[in-house]
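Student: After the structure tokens below, expect a handful of questions from me.
Please treat every number below as a calculation from the coordinates, not as lab data. Not measured: the values here are computed from a predicted model. Cβ: placed from backbone, ideal geometry, glycine included. Neighbour counts: every protein chain shown.
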Amino acid sequence: MLTAPIPATQKVLERAGLSMADMSITEINEAFASVVLAWEKELHPNMDTVNPNGGAIALGHPLGCSGARLMTTLLYELERTNGRYGLQTMCEGGGMANATIIERMG
């Protein structure tokens, strides 16, 4: 479970034909600090653009709506910074994870 965001991120980037360098903002759920640390070690993102307003450790982990909180924060931050691409990823129970890339238009 704790490393599942790694292959999820790799797969979504491959499908989109993008890289971590293309991501303006990334929101990764910090259910545990080790999730982000393992993900960073494998994917080498610009950590200045990862959870720029704080993650779940700082803001809280709203069980049942973590994905909605991550996406809302991602959308607002892309708009605020005029970013183009945003990545959201999070681990889930049962060893699964999800990852989504969005593109800000305009």
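Student: Counting only the backbone N, which residues of the stretch 1-33 are under 11 Å from the spot 7 Å out from the Cα of residue 40 toward its beta-carbon?
Tutor: Once the point is set 7 Å along Cα→Cβ of residue 40, 33 turn out to lie under 11 Å by backbone N, inside the stretch 1-33.
Student: Something else: What value, in deg cm²/dmol to 500, does the helix sum -39500 (n - 2.57) over DSSP H runs of n ≥ 4 give at 222 nm once divided by the residues of the chain?
Tutor: Details: 4 runs with 43 residues, N = 106.
Estimated from H runs of four or more residues: -12000 deg cm²/dmol.
Student: Taking the Cα centre of the stretch 5-103 as the origin and placing charges on Cβ (Lys, Arg +1; Asp, Glu -1), which of 89, 64, 100 is farthest toward the positive end of the dipole?
Tutor: Checked the options; the winner is 64.
Student: Which order do 44, 61 fall in if you start with the one that has the fewest other Cβ atoms within 10 Å?
Tutor: On the way: 44 11, 61 14.
Result, fewest neighbours first: 44, 61.
Student: Using a 10 Å cut-off around each Cβ, can you sort 23, 47 from fewest to most neighbouring Cβ atoms? Intermediate results must be reported in sequence, preceding the final value.
Tutor: Numbers: 23 21, 47 11.
Ascending Cβ contact count within 10 Å gives the list 47, 23.
Student: Could you compute how fast the chain diffuses translationally, taking Rh as the Kirkwood radius over C-alpha pairs and applying Stokes-Einstein at 20 °C with viscosity 1.002 mPa s? Give it in µm² per second.
Tutor: On the way: Rh = 13.5 Å.
Estimated via Stokes-Einstein, D reaches 159 µm²/s.
Student: Over the stretch 5-103, what is the mean sequence separation of C-alpha contacts under 8 Å (at least six apart), divided by residue count, expressed as relative contact order in percent? Please report the intermediate quantities before stating the final value.
Tutor: Details: 138 pairs, mean separation 39.1, N = 99.
Answer for the stretch 5-103 is 39 percent.
Student: DSSP loop (so not H, G, I, E, B), at most 15 other Cβ within 10 Å: list which trypsin sites (Lys or Arg not before Pro) in the stretch 1-89 pass both filters. Provide the component values of the computation, followed by the final result.
Tutor: Values: sites: 11, 15, 41, 69, 80, 84; in loops: 84.
The qualifying sites are 84.
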